[in-house]
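The values are calculated or read from the model by the stated rules, or taken from the named source; none is laboratory data. Everything quoted here is computed from the prediction, not taken from an experiment. Backbone-built Cβ (ideal geometry, glycine too); neighbour counts: all protein chains shown. The area values use the complete protein model at the heavy-atom level, side chains included, leaving out ligands, DNA and RNA. Shrake-Rupley method; radii C 1.70, N 1.55, O 1.52, S 1.80 Å.
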Amino acid sequence: MSARGLLFRHESVLALLLVLTLAVLAQQSDKFFTMANMLNQGRLMAEVGIIALAMTFVIVTAGIDLSVGSILGLVAIVMGVLWQKAGLPLPVAIGLGVVLGCIAGFANGFIITKFGVPPLITTLGTLALYRGLAEGISQARSVRGYPDWFFTLGQGELWGIPTQLWIFLLLAIITAVILGLTPFGRATYAIGSNSIAAEFSGIPVRNSYLIIYTLSGLFSAIAAVIFVSRVSTTRSDMGTGLELDVITAVVLGGSSIFGGKGTIIGTLLGLTLMQALKNGLSLAGVKGDGTIVMIGVVLIGALILSNLFQKKGDG
Amino acid sequence: MNTAAVASNVPSRRWQWVRSYGQELVVLSGIIVLMIVVGLYNPRFLSDNNLISIFSGNAYIAVAAIGMSIVIMSGHIDVSVGSLIGVLATIAGTLAVGDYPVWVAWLVPVAIGVIVNTAVGALIAFAGIPSIVVTLGMLSILKGGLISITKGNWITNMPGEFLIAQQRWLGIPAPVWFMVFLTVIVAVWMKSWPLGRSFYAVGGNPEAARAAGFSPQRTCVLAFMIHGFFAGIAALLFATQLQVIQSTVPPNLELTVITASVIGGVSILGGTGTVIGSTLAAILFACIGSSLVFLNVSAYWLRAVLGLLILTTVLADMIRRHRNRRSL
Amino acid sequence: MLKKFLLTAAALSMVAGSGWAQWTGGDDLPTNPLACDGSPGSVAAKPYDGGSPSNAPNRKGKSITVVDVPKLIGIGYFNATSKGITDAAKELGNVSASTDGPTEANIDDQITFIDNYITSGVDGILFAANDPVAIAPVLKKALSKGINVVGYDANSQPDARQWFVNQAEFNGIAKALVDSMVAEVGANAGIAIVTSTFTTPNQARWIAEMSAYASKCHPNLKFLETVEAQEDNILSFNQATTLINKYGDDLDGIFGMTSVATPASAEAVTQAGECGKIAIVGLATPNAMKPYVATNCVKSVVLWNPVDLGYAAMHVLRAVADGNLKPGAKSVKAGKLGELQIINGSEILLGAPYVFDKGNINGFDF
């Protein structure tokens, strides 16, 4: 890739935007650009971040998964109920919860591949179904009283860095390698660009979809465990609205909703930009409603900017 | 090829009609079945008041779904319609309380809806940004903007003449009239007039449509413009249903509207579906909501049942489409 | 296939809707119904169980910044508490207070807001919690940074805040609501409830206490059903209308459990032409209920005064910051409200529930 091509990639534009934003926000408040604050923000964005890693795969295949928030809520509830009502040891309950997340994701993939229902509609339906299951299973009661050791996951640190941030970074590296450097990653891009051509060139399209949607469920489950640990309780309405934050981060990061384009690095940049705005604007004295407006403006603005630059880059 | 054999395989006209309106018929039969089953279980379900409540309760969703269906048919989507309705409803209420003539309070929000969505459509068509991204951004901008301006204060004390949704003409609530009238007009327009048909063309196959002289860009802007108009009317119905306007965005409204369009047969892949389907679907939702209360479904499982019904309807539609394709 | 499924669903759900001993929507925490005749419940003295900030700077007499993070912004109730807080801040003169919060009653968003304000270095935090346990970690973090923390309306775990201003005891509110309803519809009436969601802690507590009080003092009151309507007033209206249609004459009264549900239920009763036949009793802000009280559709609206609640909370925070309110105190002076009693270790009682009716409702503007 030529230097010019590199300069005008969406990720580069985004990185520049991120640096600019950080500089402006740091100017507005001296509490913004401190190590403690940065680490704290890393802790807070771990859940959305982990799910966004999997969502990148989904969106690159021209799909979408709106049910991730509901899967998070369902896994959290099942984990809590198995531990409290069924009396299972907590690690076992957590394990079973994660397995359930995979099954929920697999169900999405199954409906999409076997019945040909478009991902938007499938996950719209499972969004309601999984949330409803969470509410029904829990009978709207929350689960509390987890043992203290469990809270180190969401509230503790390891060598000065929040525990969940380590997990997030690990998963980020793994997914970046898979998407960018492995045959499976290349197959994902191929499916997103043209699924029919991919089928004909021997790529197992159906199985790839199944794996990717199961991955989405798995990562939602991991995020659920971290979330419960961070807030020390389980509620059936956890994760409501999360899917929009995740999709915004991925799309801001340069993944095209039509498939075939997008990187983990882009997603990480988009995520960081959004978190920086939410935190920095608040510290600068902007209230919640103003921040929401800014994020919408940045989303549209970043994509307009990126489109302009890419037109220039193509010569 | 043996022409006789081919001729005998061509389905009759009536069967073709049934097939092309397949999804709408599925939804309609769903409504009828529910009415029979629940009516038998608790006859009060079929009382005048309850039927009127079912048909008018979601009328504003049906009207919004008309515009949404056109947008989806032409290959796009709008996740900001809920926020837009919230904003337009607040504008309508503010004008009504502010001593402006009632017709101003009715027309201005609709006009603003058209203007805002035309801008959105233009952004999508000419800046090349996917509709889901632009409308995701608009959702935030409108939601935050609404709270900033109203500070969360509700609007009360609106003049009675303004409350159009509470009026009844010939015994039937105004929202039902709007819903039926607008649905029929748009459905006929989209089947019979070239401009109406262009939405199907562009959504189904943009390149072929372009070759045939339809410009995808112009169609996109037009689709969003019309969508803005219907969002404005839906906002009026929403704002005048009660005596107070909550100046927050109704949660999940956009998902409900999109689901209504999709269940009604509008294909997310573009190109098929009718607004009759989306209106019937909105009525079906109201019917299901009421049914679940009448059937004493445990309140804690309500949402799960709703989700299951959505999935079942969609699966039924997909199976029906496969069967259609195979029998050709 | 759809038809088959619907028939099965109908059959199954007939089995599902069995009778509940407790009213649907209540939580399963222990209840403590008051005596039927109005003699006040005994309030056992408890040692102070609130948390305390570590290394709080000496704020006595100094100017402080305070942020108020309610459950959500954009509804009349929290606009009123916010007004009370601003009024008190103006009266005190050395407090700069602002209200900021999520647009939906979401635990995660509320935690993020509080966290941001901790980082920005506020002196005091006022809150109304979406979930008592979920908010505890971030509040404890605030305490550890020396920030004064006082709650109102919806409590957190006691050790996560210094004091909690309680509008009224849960069993007191339950008694007021049930007694108001019985006064209007008699002791043999059929009642239904419109609430926000089953997971909202305050609402769940009130319903549980109402259920316990009713079975103790008005056992012939027939509970019909509870419906959820989130904080959406059109949905509340539709749900209330469905209840009216479903039960017909069997329904004599509707409880509205939130300031969104009550006016919407009143509207449903009005539009169904059942004013006078179906009573509405609930929690609501006066402005939203004025049209219905004026037409005599609603006789009385039970609430405490949320403006006073916010006002009291602000004064308590100032007293704590100044070091005037210490653990073990029996009462605290809250500006024009006078001395407020301290109960349950670290709870400050605003007083008795306030009843708005035709005679006084026009004197209020919130």
What distance in nm lies between label points placed 7 Å from Cα along the C-beta direction at A:Asn207 and C:Ala352? 7.5 nm
With only Lys, Arg, Asp and Glu charged, each at its Cβ (+1 for the first two, -1 for the last two), find how big the charge dipole of segment C:170-303 is about the Cα centre; round to the nearest 20 debye. 280 debye
Tell me, what HN-Hα J-couplings in whole Hz come from the Karplus equation 6.51 cos²θ - 1.76 cosθ + 1.60 at θ = phi - 60° for each residue of segment C:177-194, using x for Gly and Pro? 5, 5, 4, 4, 5, 5, 4, 8, 10, x, 8, 10, 8, x, 10, 10, 10, 10
Averaged over every viewing direction, what's the projected area of the C-alpha convex hull for segment A:34-305? Give it in nm², one decimal, please. 15.1 nm²
Over 20 Å intervals from 0, what percent of Cα-Cα pairs in chain B sits in each interval? 30, 56, 13, 1
What nm distance separates the two modelled labels at C:Ser215 and B:Val97, each placed 7 Å from Cα along Cα→Cβ? 4.4 nm
Value at 222 nm in deg cm²/dmol, rounded to 500, when DSSP H runs of n ≥ 4 in chain B each add -39,500 (n - 2.57): -24500 deg cm²/dmol
What three numbers, in Å, describe the spread of the alpha carbons of the protein assembly as shown along their principal axes, ordered from the longest? 98, 70, 61
Across chain C, how large is the tail of the calculated P(r) beyond 26 Å, expressed as a percent of all Cα pairs? 51 percent
Any idea of B:Trp193's accessible area? Nearest 10 Å², probe 1.4 Å. 150 Å²
Cα pair distances of segment B:50-143 binned at 5 Å [whole percent]: 2, 12, 19, 22, 18, 14, 8, 4, 1, 0
For segment B:117-258, what is one quarter of the convex hull surface built on the Cα atoms, given in nm²? 10.5 nm²
Rg and Dmax of segment C:272-343, Cα atoms, in Å? 18.4, 56
Label point 7 Å out from A:Lys85 along Cα-to-Cβ: which residues of segment A:222-256 have amide N under 16 Å? A:234-237
Using a probe of 1.4 angstrom, how much of the accessible area of segment B:54-288 is carbon and sulfur, in percent? 70 percent
List the relative contact order of segment C:170-303 as a percent without decimals, with contacts defined as Cα pairs under 8 Å and 6+ residues apart. 26 percent
In Å, the C-alpha Rg and Dmax of segment B:103-190 are 17.3, 49
Put simply, what bits of segment B:240-258 lose 20 Å² or more of accessible area when the other protein chains are there, versus the chain on its own (1.4 Å probe)? B:Gln241, B:Leu242, B:Gln243, B:Val244, B:Gln246, B:Thr248, B:Pro251, B:Leu255
Solvent-accessible area buried by B and A, counting both chains, probe 1.4 angstrom, square angstrom: 3400 Å²
Accessible surface buried once C binds A (1.4 Å probe; total of both sides; Å²): 2400 Å²
How many Cβ atoms of partner chains, on average, are near each residue of C:77-85 if near means within 10 Å of its Cβ? 1
On the protein heavy atoms, probe 1.4 angstrom, tell me the percent of accessible surface of segment A:34-305 carried by carbon and sulfur. 74 percent
Leaving out ligands, DNA and RNA, calculate the buried accessible area for the pair B and C with a 1.4 Å probe, summed over both sides, in Å² to the nearest 100. 4200 Å²
Of all accessible surface on segment C:170-303 at a 1.4 Å probe, what whole percent is carbon and sulfur? 50 percent
Can you tell which of A:Ile161, A:Gly125, A:Leu88 lies farthest toward the positive end of the dipole of segment A:80-164, using +1 and -1 charges on the Cβ of basic and acidic side chains (Lys, Arg; Asp, Glu)? A:Gly125
So for segment C:170-303, taking the charge dipole from beta-carbon charges (+1 Lys/Arg, -1 Asp/Glu), which of C:Tyr213, C:Gly253, C:Val281 sits furthest toward the positive end? C:Tyr213
In debye, nearest 20, what is the charge dipole magnitude of segment A:204-314 about its Cα centre with +1 on Lys and Arg Cβ and -1 on Asp and Glu Cβ, if you could check? 160 debye
Treat every Asp and Glu Cβ in chain A as -1 and every Lys and Arg Cβ as +1, leave all other atoms uncharged, and give the resulting dipole magnitude about the Cα centre to the nearest 20 debye. 140 debye
Residue (of B:Tyr200, B:Ser247, B:Gly113) at the positive-pole extreme of segment B:54-288, dipole from beta-carbon charges: B:Tyr200
Per residue, accessible area of the protein assembly as shown with a 1.4 Å probe, heavy atoms of protein chains only, in Å², comes to 38 Å²
Using a simple spin-label model with points 7 Å from Cα along the Cα→Cβ vector, what separation in nm is obtained for C:Ala272 and A:Leu181? 6.6 nm
Using the 2.2 N^0.38 Å rule of thumb for compact globular proteins, work out how segment C:109-234 stacks up: its C-alpha Rg over that value, please. 1.32
Ordering B:Cys220, C:Cys217 by how much accessible area each has at a 1.4 Å probe, largest first, what is the list? C:Cys217, B:Cys220
Calculated log₁₀ intensity ratio I(q)/I(0) where the Debye formula runs over C-alpha points of segment C:170-303, q = 0.14 Å⁻¹: -0.52
Zero-based 5 Å bins, Cα pair distances in segment A:74-171, whole percents: 3, 11, 16, 18, 17, 16, 11, 6, 2, 0
